[in-house]
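Read through the structure below, which is laid out as structure tokens, and then see the notes.
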Amino acid sequence: MIQRLAILLASVAESITVVAERDRKYEDLGLATIADTVPGLGPLGGLITALEHRRAQGAGWLLLCACDWAEISTTWVDELVKATDDKVDAVAFRDDRWQPLFALYHTRLLPEAARQLRCPSRRMSDLLDSVASRALPPPPDWHMTWQINTQLDRSRYIEWKKCARR
């Protein structure tokens, strides 16, 4: 799944870097991988690692994409990018709640992300609420998203794909 996402996103990204629990974990798949600088602290810890890595290359935006997405569209990236400007620190889709695991984040929100990491909840939605975030309505095909974290999720996804093809 991670390799498929990387190939898809390579068409709209300058570079792809994976944050994992150890350096070079996905090297065998041809993916640049950096070690999570704040291990075991979930998506917020991974975001901080990615933002620090991005900032070392210069200030700017990064797309955070969770590795468990089975269905994404590069047009979603275009929508997010169009909504960026100097007045916002993050751009994410939002329906009844934030969708923080496919979103754009600017390196300037690093200090607030580090502060949020010290909070007990460490929720990405709290970070988005605490910075200048722009909420976009989810794209029309957002309902087709699938995140696969278990064998049961995978089985349900495969069945859904079979039904969708009929």
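Counting only residues that are surrounded by fewer than 15 Cβ atoms within 10 Å (Cβ to Cβ) and either of a type in the set (K, R) or in contact with a His (Cβ under 6 Å, 6 or more places away or on another chain) (or both), the range 117-166 holds 7 of them.
Applying the condition of being in contact (Cβ under 8 Å) with a residue 40 or more places away in the chain and in a loop (DSSP other than H, G, I, E, B) to the range 1-36 and asking which residue is surrounded by the fewest Cβ atoms within 10 Å (Cβ to Cβ) yields S11. Residues that are free of Cβ contacts under 8 Å to residues at least 40 places away in the same chain, among the hydroxyl-bearing types (S, T, Y) and closer than 23 Å to G45 by Cβ do not occur anywhere in the range 131-141. Residues in the range 53-97 that are within 30 Å of I158 (Cβ to Cβ) and of a type in the set (A, V, I, L, M) were compared, and the one that is surrounded by the most Cβ atoms within 10 Å (Cβ to Cβ) is A92.
In the range 124-153, the qualifying residues are those that are of a type in the set (D, E, K, R) and at pLDDT below 95, and the one that is farthest from L62 (Cα to Cα) is D153. Among the residues making up the range 37-52, a single one is surrounded by fewer than 17 Cβ atoms within 10 Å (Cβ to Cβ) and either closer than 15 Å to M1 by Cα or among the hydroxyl-bearing types (S, T, Y) (or both): T37.
From the set of residues in the range 37-67 that are part of a loop (DSSP other than H, G, I, E, B) and touching a strand residue (DSSP E or B) at 6+ places or on another chain (Cβ under 8 Å), which is nearest to C119 (Cα to Cα)? The residue in question is A66.
Can you tell me which of (1) farther than 20 Å from L117 by Cβ; (2) modelled with pLDDT of 95 or more is the one E14 doesn't meet? Only one criterion is unmet by E14, namely (2). Residues of the range 82-98 that are in contact with a helix residue (DSSP H, G or I) (Cβ under 8 Å, 6 or more places away or on another chain) and without any contact (Cβ under 8 Å) to a residue 40 or more places away in the chain: R97, W98.
The values are calculated or read from the model by the stated rules, or taken from the named source; none is laboratory data. Because the structure is a prediction, the values reported are computed rather than measured. Here Cβ is always computed from backbone atoms with ideal geometry, including for glycine, and neighbour counts include all displayed protein chains.
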